[in-house]
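FYI, it's all coordinate maths here, none of it is from the lab. Worth saying up front: this structure is predicted, and the values here are computed from it rather than measured.
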Amino acid sequence: MNIKVELELSYETFEEIIVTALEGGSNYWMDYEVKKGIPKMPNKAPSQRIAYGLWHNKDSQVVIWDAEEEEELLGVLTYDSVREGMQLACKDYMKEINMMISEDYDAWTADTLFQVLVMGEVTFG
């Protein structure tokens, strides 16, 4: 039996995932480089600007590199890729999605979802 579940992800929840991952949950395994589409916004942290760009700008692009192997590209986040990654997360990481939506999450939860957005799976434990 197949059951289709549809969830609406708010911008606020998406921003919490990105900000928490970039500022604490994922910074042990990755470095990032903003390529394009991320606006300059006064009084906003870089992680907030990245979340805003990935949510609102179809031309956004943020490259994610391995923190230890500087030449190793782990993934590229774009407007389209984060939507595809969230679909994948809904399939395989529903517990983490529910935790974010219910605001009962931590840096580990955000890191799990961020890894799925970047690499399609959880690679770093």
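Below are the figures for this structure:
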| quantity | calculated |
| --- | --- |
| Calculated SAXS-style log₁₀ I(q)/I(0) at q = 0.18, 0.20, 0.23, 0.25 Å⁻¹ - the stretch 46-104, Debye, Cα scatterers | -0.80, -0.93, -1.04, -1.06 |
| CD proxy at 222 nm, helix term only [per DSSP H run n ≥ 4: -39500 (n - 2.57); per residue of the chain; nearest 500] | -13500 deg cm²/dmol |
| The stretch 56-113 - percent relative contact order, Cα under 8 Å, separation 6 or more | 24 |
| At 1.002 mPa s and 20 °C, Stokes diffusion of the chain via Kirkwood alpha-carbon radius, µm² per second | 147 |
| Rel. contact order, % - alpha carbon contacts under 8 angstrom, at least six apart, the chain | 27 |
| Straight-distance crosslink candidates among lysines, where the alpha carbon sits under 26 Å from K95 and sequence neighbours closer than 8 are dropped | K4 |
| Mean Cα-pair separation over length for the stretch 1-59, i.e. relative contact order, pairs under 8 Å, 6 or more apart, % | 37 |
| For the stretch 81-101 and the stretch 32-69, distance of Cα centres in Å | 20 |
